[in-house]
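Read the structure below first, then the notes.
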Amino acid sequence: MCILALGLSGWLPVVNFLSLFVRDELNAGIAGAGLLLAAMHGSRSTIGVFVGVVISRVGSQRAYAFGLTGLAALVAIMSVTPNLWLFVIAAPFGGLALTMHWASAQTYVMEVAPPDRRGLASAIMSFVVVAAPGIGGVVLGTLANTYGFRLFAIVASALLALAALSAMKFLPANRSPSLSSSPSIRDLTTNLLQMLRDPAVQILALIRACTTVIYGAFIILAGPKLVAAGGDLSDVGWLIFIAAVAGATAQVVVGTMSDRIGRRGALAVTLAIGAITTAIYGQVHGFFALLVLWAGYAFTQSAFQGLIVAIAADIAPPRRLSQVMAIDSTAYSIGVTIAAILAIATGDTEPATIFWAGATAGLIGLAAVRYLPASRQH
């Protein structure tokens, strides 16, 4: 969790500042930010699904370190690129690194957690995911506002590189059953394709994609909307801090809620809240109203992360966890890609369209929750 916190302190602030960097530094507008995210998450949502094969071969610890290294390289390019196109060319490789990072981290945590403690383990992980970037976002936001995006990117890349080195040196390797049997690439690929045909995995992937259409809408437009309402880059850094507080709160509230109504019930409630928050956010323009609604969005995204990872571990067949996590990561990027394509088409003219799409996706995910099966783990 310490290594995860270090890496996410470097990466997640970059995600939240990306639209402003592309618009203000590279003069490419919101459509340019959409193109960049489409390139990154397009690769992640296609060939990125096979990252689970790599994780099964080299282990989740090494794959996690590889993913951090790739993200460090992508952010380093951000510090030197003179225009959007060099960044766009590098983005598909960054998308693969992002898949490696998230799928490996989630796989590792679920592998080392006892089956009856996976909900707690995923909640702790989700707490770190939202809490760690809080301080990083404020610091990096201040750097961007005072010294510009280039120094911001150098410091963020250094944090990611340090996390990668730490993961390789200090994180204990975990040999799962799939590693001890040394399956062939062909067998692993066949197993992956079987997982893609599993109805339970398909439903969970649909729900994950729905949640990340919401996520994509916010990471593309929340920063520009706040600046347009009178904020500056430091205020965008404070958005990340608010997300940390709201996300940490979500882990307590949702943990209690899931004990009472189950993980699927808690997921349904948060999907409903996420859909409503997203629809309203696209219609308001006041500075403080945007901050309050951002907190609601951050609450639900943190809840989605903890609940979906735990449910994925519940429904994964034995020795198939890394493949289910890779599919989950791919579905994540499909949702972001949908939001990115909408940003290319309407981001500079009708930005509210992206938020309406996010709200609609949240309702579709809500309808799909009822079809999730009970846990397969005993």
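The values are calculated or read from the model by the stated rules, or taken from the named source; none is laboratory data. Keep in mind that what you see is a predicted model, and the values were worked out from it rather than measured. So basically every Cβ, Gly included, is an ideal-geometry build from the backbone, and we count neighbours across all protein chains shown. Note: areas computed on protein heavy atoms with side chains; ligands, DNA, RNA excluded. Shrake-Rupley method; radii C 1.70, N 1.55, O 1.52, S 1.80 Å.
List of remarks:
- Taken as a whole, the condition of being among the polar types (S, T, N, Q), open to solvent by 40 Å² or more (accessible area, probe 1.4 Å) and within 23 Å of M40 (Cα to Cα) does not apply to T360.
- Single condition A289 does not satisfy, out of (1) surrounded by fewer than 24 Cβ atoms within 10 Å (Cβ to Cβ); (2) touching a Leu at 6+ places or on another chain (Cβ under 9 Å); (3) under 30 Å from T353 (Cβ atoms): (2)
- Close pairs (7 angstrom Cβ cut-off, 6 or more residues apart or separate chains): touching a residue at least 24 places away in the same chain (Cβ under 8 Å) in segment 77-97, part of a loop (DSSP other than H, G, I, E, B) and open to solvent by less than 70 Å² (accessible area, probe 1.4 Å) anywhere: N83/L26; L84/L26; L84/A28; F87/T81
- Within the set A345, A316, the sole residue that is open to solvent by less than 30 Å² (accessible area, probe 1.4 Å) and out of contact with any strand residue (DSSP E or B) (no Cβ under 8 Å at 6 or more places or on another chain) turns out to be A316.
- Out of A272, A312, A339, one residue alone is assigned to a helix (DSSP H, G or I), over 15 Å from Y215 (Cβ atoms), at pLDDT 85 or above and of a type in the set (G, A, S). It is A272.
- Screening N145 on (1) assigned to a helix (DSSP H, G or I); (2) farther than 26 Å from S79 by Cβ; (3) modelled with pLDDT under 85; (4) open to solvent by 20 Å² or more (accessible area, probe 1.4 Å) shows it passes everything except condition (2).
- For segment 149-173, taking the residues that are surrounded by 15 or more Cβ atoms within 10 Å (Cβ to Cβ) and not hydrophobic (A, V, I, L, M, F, W, C), the one that is modelled with the lowest pLDDT is identified as R150.
- Members of segment 101-118 found to be under 20 Å from N16 (Cα atoms) and out of contact with any Ser or Thr (no Cβ under 7 Å at 6 or more places or on another chain), listed by number: H101
- Condition broken by A352, with the remaining ones in (1) open to solvent by less than 10 Å² (accessible area, probe 1.4 Å); (2) under 19 Å from I219 (Cβ atoms) satisfied: (1)
- Segment 72-90, subset part of a helix (DSSP H, G or I) and in contact with a Ser or Thr (Cβ under 7 Å, 6 or more places away or on another chain), residue surrounded by the most Cβ atoms within 10 Å (Cβ to Cβ): F87
- The requirement of being open to solvent by 20 Å² or more (accessible area, probe 1.4 Å), among the hydroxyl-bearing types (S, T, Y) and under 18 Å from S157 (Cα atoms) is satisfied by T69.
- Filter result for T346 (more than 26 Å from A131 (Cβ to Cβ) and at pLDDT 85 or above): no
- Of all residues in segment 361-378, those satisfying the criterion of being touching a residue at least 12 places away in the same chain (Cβ under 8 Å) and either touching a Ser or Thr at 6+ places or on another chain (Cβ under 8 Å) or assigned to a helix (DSSP H, G or I) (or both) are A361, G362, L363, I364, G365, L366, A368, V369.
- A244 being open to solvent by 60 Å² or more (accessible area, probe 1.4 Å), modelled with pLDDT of 70 or more and closer than 23 Å to G358 by Cα: no
- Qualifying positions in segment 192-225 - open to solvent by 40 Å² or more (accessible area, probe 1.4 Å) and at pLDDT below 90: L193, Q194, L196, R197, P199, Q202
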